[in-house]
Amino acid sequence: MTLAETITNYAGSTSRDASALDEDAFQSIYDATARPLWGYLLRVSGRRDVADDLVQETYCRFLGRRENVLAMNEAETRSYLFRIATNLLRDRWRRGETSLDGDAGEELVMEIADEGEDSATKIDVQRMMQTLKPRARQLLWLAYVEGMSHAEIAEVTGLSALSIRLLLFRARRHAAALLKSNRMETR
């Protein structure tokens, strides 16, 4: 059984014809979006196991969609996948299942330290991200790593674009304060 068939069956469809995507189309979408989606979930949740689970569930829900997902352009598909992932992550937060564990966060910091040059800055940023609230981590990641506009972030998070502006401003200000205080402590 192919990956597309497996996920389609998981999503509740019994025939391959019910799937809006064939295997090649799904593979193309997966190749273009899986890594950024996994990175987003990892950095926002701070846990590999959660990122792995939610990426899998995101694609299952995506393939379970009854409308023709091929009609979406690349940006719409990407935004839709991030929206599904964000909602799944939000569900975990509401149930209290996902928090940034100290061990998981330190594991990420150690990986960065092994990367070599600029590792001190990367470690500072990673530690800063660990101390931020999940919503702030989410907004900063979507804006600066994924390069999304306020309107795109609003679509992914379900908030208004004006709210995103304000929340992103606050997240940047808080992040800058954390980085500044961290630099003062290390001197």
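The values are calculated or read from the model by the stated rules, or taken from the named source; none is laboratory data. Every value quoted in this text rests on a predicted model; they were computed, and no experiment measured them. Cβ: placed from backbone, ideal geometry, glycine included. Neighbour counts: every protein chain shown.
In the stretch 67-83, which residues are acidic (Asp, Glu) and modelled with pLDDT under 85?
Of everything in the stretch 67-83, those that are acidic (Asp, Glu) and modelled with pLDDT under 85 turn out to be Glu67, Glu74.
Residues are listed down the side, and each one gets a yes or a no for (1) surrounded by fewer than 18 Cβ atoms within 10 Å (Cβ to Cβ); (2) modelled with pLDDT under 80; (3) outside the structural domain of Arg90 (by TED's automatic domain parsing):
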site	(1), (2), (3)
Ser13	yes, yes, no
Ala18	yes, yes, no
Asp24	yes, no, no
Ser28	yes, no, no
Ser45	no, no, no
Arg48	yes, no, no
Asp53	yes, no, no
Gln56	yes, no, no
Arg65	yes, yes, no
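Confirm whether Asp124 is surrounded by fewer than 17 Cβ atoms within 10 Å (Cβ to Cβ), assigned to a helix (DSSP H, G or I) and modelled with pLDDT under 90.
no
Going through the stretch 138-179 one residue at a time, which ones are touching a helix residue (DSSP H, G or I) at 6+ places or on another chain (Cβ under 8 Å) and either on the phi > 0 side of the Ramachandran plot or of a type in the set (D, E, K, R) (or both)?
Correct list: Glu146, Glu152, Glu155, Gly158, Arg165, Arg170, Arg172.
Residues that are within 19 Å of Ser45 (Cβ to Cβ), surrounded by 18 or more Cβ atoms within 10 Å (Cβ to Cβ), modelled with pLDDT of 90 or more and in contact with a His (Cβ under 7 Å, 6 or more places away or on another chain): does the stretch 166-174 have at least one?
no
Can you confirm whether Tyr80 is surrounded by 20 or more Cβ atoms within 10 Å (Cβ to Cβ) and either free of Cβ contacts under 8 Å to residues at least 12 places away in the same chain or not polar (S, T, N, Q) (or both)?
no
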